[in-house]
Each structure stands twice: as structure tokens, then as C-alpha cells.
1. Looking at region 177-186, can you tell me whether even one residue there is open to solvent by 80 Å² or more (accessible area, probe 1.4 Å) and either touching a Ser or Thr at 6+ places or on another chain (Cβ under 8 Å) or over 30 Å from ARG86 (Cα atoms) (or both)?
2. Checking THR76 against (1) at pLDDT 90 or above; (2) open to solvent by less than 20 Å² (accessible area, probe 1.4 Å), which test does it fail?
3. Given the conditions (1) under 30 Å from SER117 (Cβ atoms); (2) in contact with a Ser or Thr (Cβ under 9 Å, 6 or more places away or on another chain), which single one is not true for GLU77?
4. From GLY67, GLY47, grab the single residue that is over 30 Å from PHE180 (Cβ atoms), outside any strand (DSSP E or B), at pLDDT 85 or above and open to solvent by less than 70 Å² (accessible area, probe 1.4 Å).
Amino acid sequence: RNGPPSLQQYLAAIHPEDRASMTQTLMTMHQQHSGCDVTKRIVRPDGEVRYVRCVGVPVVEDGTFRGFSGTTMDVTEQELLTQQLRRDQAYLTDSQSLANIGSWALNLITHELRHSSDANARLYGFDPSQGPIPAERFFDTLHVEDEQHVMAALESAVRSGTDFYLHEYRIWHTDGTIRFLRAIGRRNESGEPGEYVGVTMDITERKHAEQGRERLRQIEADLAHINRVN
């Protein structure tokens, strides 16, 4: 009502939790005559919290710094959507870790690994924080006795353009142990030739339990045979 808002009024509208960082940004801009591209929260007069993105560039005329020029955009919807996607990704990561299941996307022709979830890397003993892991490192873990049938199944799927299901195969985990895995791959019809997406699960404990039950059945059968002989 009494003219355009002052700088103090704009600063007062910044969310209390973002005010310190925004103040530091403004100080850096003033001292270094540098631009900015920041997203912060504001509290509108009606109490609603909104996310705004501020982009500012220094204005220089004839070699003399004159101030700043910039724009402010309301990005609330985009920011809320990004936060939701991050939460969903965190939930998915936790679920995969708990279930010993990892997801991936791989081109079986070029061996380009397009995606590997953190849980998928850990199934093989790799540290996902070390950055992208080449597909060859995953293939190198295959047990020598299972490598031939695994590669044959993958090549057959590529040739026929079908999905694949690896019921069971062994790998050498980076800790030196042998792990039993199961993998399901779905051909990505909208992607490039040879592109698959899928999941891999660790079935080691299940396999050990099955082997234990089989040994128990064998012992029972041997005991029954001995009793019949006696």
C-alpha cells in the first residue's frame, strides 16, 4: 500500500530455518560480486510456506559493478515432488536391503550397466559409495562352474528377444564366500536392442536351509536302512 516492499521485508519473509544460509549467500554476493542460484522457503503473510528459486547475476557497466539483476520463481510444486521422489527412493532402498533384493538395468549386448541399486551392489560385496561399477566386475564374480550356463541363458534371451530367469547361480562374494543368487530380467521393449531391467536376489540362506533338510532326509533314510538290516 505504501510502495514496493523493502529489502528488510523480503528478508523477513524468509523461513527462519533458511534465513542464516540466505544471509550468508547475500554477503558472499556483495563481497565477491558473484551471482547466485538458490532455492529457499518463504512464509507468506497468510502463513503458507512456499519454495522459491532465486537466480541473480551481477550487473557491470563500463567495468564498474552496478548491482544485481535477477528473477524469482515459485517452485513449490516441483520441490515437493522432488522430496516425495527422494522419500520413495529411500523407502525402496531400505526395502531392497531388508529383502536382499537389488534392481538393475543392463544392456546385454554392449554390457553397459545403466543402473544398479545400492542393494544390488552389496549383494556382490561392492561398495556403492565408490561410484559406478562396470558390468564386467559383476560378471567376473561368477563361479567358474556356473558361468557357462549363465552366459548361455543371457545370450539366448538376447537372440530371441525374450525375458530370462536364472533360477540359481553362484558367485564369489568379495568377502571370499560363495553366495547363491537368483535373477529375473525383463526386456525393455521401449529401449535399445539388448536392454533389460530386472532384479537379483540373494537366496544363500534359503539354499543352505534346503541343503540342511536334504542332509537330514539322507540321514533318516540311512537310519531306516540300518534298522531294516538289523
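1. The answer is no; no qualifying residue exists.
2. So THR76 meets the others, but not (1).
3. Result: GLU77 fails condition (2) only.
4. Every option except GLY47 fails the conditions.
This table checks each residue for (1) farther than 17 Å from ASN120 by Cα; (2) small (Gly, Ala, Ser).
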site: ALA153; (1), (2): yes, yes
site: ALA157; (1), (2): yes, yes
site: THR162; (1), (2): yes, no
site: LEU166; (1), (2): no, no
site: TRP172; (1), (2): no, no
site: ASP175; (1), (2): no, no
site: PHE180; (1), (2): no, no
site: TYR196; (1), (2): no, no
site: THR204; (1), (2): no, no
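The values are calculated or read from the model by the stated rules, or taken from the named source; none is laboratory data. Source: prediction; values computed, not measured. Cβ atoms come from the backbone with ideal geometry, glycine included; neighbour counts cover every protein chain shown. Areas reflect the complete protein model, heavy atoms only, side chains present, ligands, DNA and RNA absent. Shrake-Rupley method; radii C 1.70, N 1.55, O 1.52, S 1.80 Å.
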